[in-house]
Structure formats: C-alpha cells, structure tokens
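One structure is given here, and the rest of the page talks about it.
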Amino acid sequence: MVKTTVSVIKADVGSFPGHSRTHPKLLEVAARRLKEAEGSTIIDSYVTHCGDDLELIMTHTKGEDNEEIHKLAWDIFMECAELAKEMKLYGAGQDLLADAFSGNVKGMGPGVAEMEFEERGSDPVLVFMADKTEPGAWNYFLYKIFADPFSTSGLVIDPSMHQGFTFEVHDVMEKRRILFNTPEESYSLLAYIGAPSRYVIKYVRKKDGTVGASTSTQRLNLMAGRYVGKDDPVMVVRAQSGFPAVGEVIDPFRTPILVAGWMRGSHHGPFMPVGVGDANCTAFDGPPRVICLGFQVNNGKLIGPADMFDDPAFDRVRDRCCELSDVLRAHGPFEPHRLSLEEMEYTTLPGVEKQFKDRWEDLPE
C-alpha cells in the first residue's frame, strides 16, 4: 500500500511591521505555487502563518527528506523573500541561510517536520506551529500527550496504548540522538528533555515503529553561528485509534508553561495557544504563540482545517499567560525573564561583552 507523507516546512522570509506577522501577499504567492504543484509533485496543500513565519503544509507519496518536495518549498521561500525585499518587509529572507538549494532544506534555515505513514480507516492529524520560541518548547507537551496518564487517560483505559511509546531525543549541541521507552524509562527521559535548549524530542513512535509525532529540531543560531532570530518550530501529531485522542493531544496546552524566545530571542515567556486570527506577536514581540490546525487525511487529501485553539475553553490559559507576562516583564533585563548567560551566548549579547573585554581587571590577592 502506498504511504502518505505529511510535510510541514516553515520559514521567516519577511514580515510587517517588524517581526509581527506575515504579509498577505506572501501567503497568496505561496498558496498559488503549491496549488500549481498539486496533482504532480504533491497531492494537497494548505498555507498559513504563525506570527512572522510562513507555513507550508503539504501531502504527497514521496517520503521524508524528498529532494523534490524540499526544493519546491525552497523555491517558494526564495520567491517570497524576493517579494519581501521589494516591499522592504522586515527580515526579508532571514531564515534562508544559503544562496542555492543543495538537495534538502535541513541545515539551510527552514524548519521541517515530516511523517510518512500508512493511512488508517480514519486518520486525524494535528499540525502545531509556533512563533517566538525554540524547538524544545514541544518537549513538555509531547511528554504530557504520550507519557503522562494523568493527562492522557487512554494510557490507562485503552489497551492498545498500554505498551507505551518510544521517544527519539536529539542533542542539538552534539548532533546525536537517543531512544527512550516509556513508561519504563520515563524518569530517564525527563532527565534530558527537561533541558529543552539542548535536548529536543524529534519523533514519538509506538513500540512497533508506527509514527505518532514529528517535530522540527533545527536551531538557526547554531547553524548560522550568529543570532538570526528564533527557530519557531512546527510539529505534526496523529490522533485516535491507538494514539491519544484529539482532546488529549490539545488539552496540555491549557497549562501556561514558560518557553525561551520572545523579544530578541532572549527572554522566557508564557506559551500562549491562540486561534490563527490571533497569531500575531505584538506585546514585546510576543508573548510566544502556538496555533493548531486539525485535518482528516483521506488518500492524501487534507479535509479541513479546524482551528483547534479558536475555542473559549482556552480563554483562561490565555488570561493566565497575560498575567505571567506582566510578572516576567517587571523583571526587565534581569533573569529569569532574560535567558541564562549560557543561552545568551547564542543571542546578540556577546557583541556587548566584546566591547568591554579589555576593561576588566584582576582583583588584588
């Protein structure tokens, strides 16, 4: 049976005003280009934005890391970046770290989350997109979704989930990976993913290898060797029939956790779940946002989307995020609002430190 691949590829190719939102003309160009590719390169597509990031959602039968699919996305980003430059949009092409495509967009700037699977009788797929944060922002939620029985009741009452899941964790600093099985290795898993700036969950699978979740793990600053903006990750999650139910997947987002990013990629802030219409970061360039679009996948066709966070059930967490924002903003340039010095090494702060390195004097004995 031919397998379906869902590819979500994103990039910040220019925004207005500042790092606030993606211009409608860029969305129009991307949607038109993907529509032209339907029936040949891809089966179906959907284009949206989260804050200043252009999000391409595509289905096809070519598998993960396919050169043709990645080149299609790259060419669209390049075309949109040129338009952004003509319009003098802010940060035009900032996520495109290469001048020419080289077979795969990984390592070239754009974020990528893909999964290939054999479609079930009914296949709900949820696509999460974030702005003003880093890939490790998904760690907490993926643990709650696939490993916490107090969050996902199916881990207790659904026999098909009793075996648990396997988490593939990437060390983005050392470029290595490790697998943890839950529930038996839950504590060991937490020892690592509790440090989301370095250890990032890439995939979650059933014990038989069936994929349940895929994320983008690209760290722009590590690839570029300088601060070029936050990574703004994406994630794809399958639901129901042996996986957590749709409601179990999105329920953990009612807890306002703190993530790294926000203004200048240098601050901790609450991760606010919003509908697409509210995915525009304004207050101190934030706070960090997350949107979720739900689809049914039918022979590669995308039925939807449903805007999953456009729901009054999430009003309270949004209010709490605003309260936390007030508390953190009152810290100004002090930690823990500002990131730790170790994480600030990947921002613009080293440029300040360089100016004063010769003015330090040794203390007398």
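FYI, it's all coordinate maths here, none of it is from the lab. As the structure is a prediction and not an experimental result, all values here were calculated from the model. When we count neighbours, we look across all protein chains shown, and the Cβ atoms used for this are built from the backbone with ideal geometry, even at glycine.
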Over 5 Å intervals from 0, what percent of Cα-Cα pairs in the range 137-271 sits in each interval? 2, 10, 20, 23, 20, 13, 7, 4, 1, 0
If we count other beta carbons within 10 Å of each Cβ, what is the order of Tyr140, Tyr192, fewest first? Tyr192, Tyr140
For Gly14, what residues show an amide H to amide H distance below 5 Å, using hydrogens built from the backbone and excluding near sequence neighbours? Gly93, Gln94
Entries of Lys106/Lys207; Lys3/Lys207; Lys144/Lys206; Lys85/Lys106; Lys132/Lys175 with Cα pairs more than 21 Å apart: Lys106/Lys207; Lys85/Lys106; Lys132/Lys175
Using Cα springs under 10 Å in a Gaussian network model of the chain, which residue among Pro288, Pro305, Pro350 shows the largest mean-square fluctuation? Pro350
In sequence order, what are the phi-derived ³J(HN,Hα) couplings for the range 157-164 according to the Karplus relation 6.51 cos²θ - 1.76 cosθ + 1.60 with θ = phi - 60°, rounded to whole Hz, with x for glycine and proline? 9, 10, x, 5, 10, 5, 6, x
Please arrange Trp74, Trp138, Trp262, Trp360 by how many other C-beta atoms lie within 10 Å of their C-beta, fewest to most. Trp360, Trp74, Trp262, Trp138
Just to check I understand the Karplus step: with θ = phi - 60° and J = 6.51 cos²θ - 1.76 cosθ + 1.60, what whole-Hz values come out for the range 276-288, glycine and proline as x? 4, x, 10, 8, 10, 8, 10, 5, 6, 6, x, x, x
What share of the DSSP beta bridges in the chain is antiparallel, in percent to the nearest 5? 95 percent
May I ask you to sort Lys206, Lys144, Lys175, Lys85 by Cβ crowding, counting other Cβ atoms within 10 Å and putting the fewest first? Lys175, Lys85, Lys206, Lys144
Rounded Å value of the spacing that divides the Cα centres of the range 255-309 and the range 122-171: 17 Å
Which entry in (i) 20.4; (ii) 36.3; (iii) 16.8 matches mean projected area of the Cα convex hull in nm² derived from the coordinates of this structure? (i)
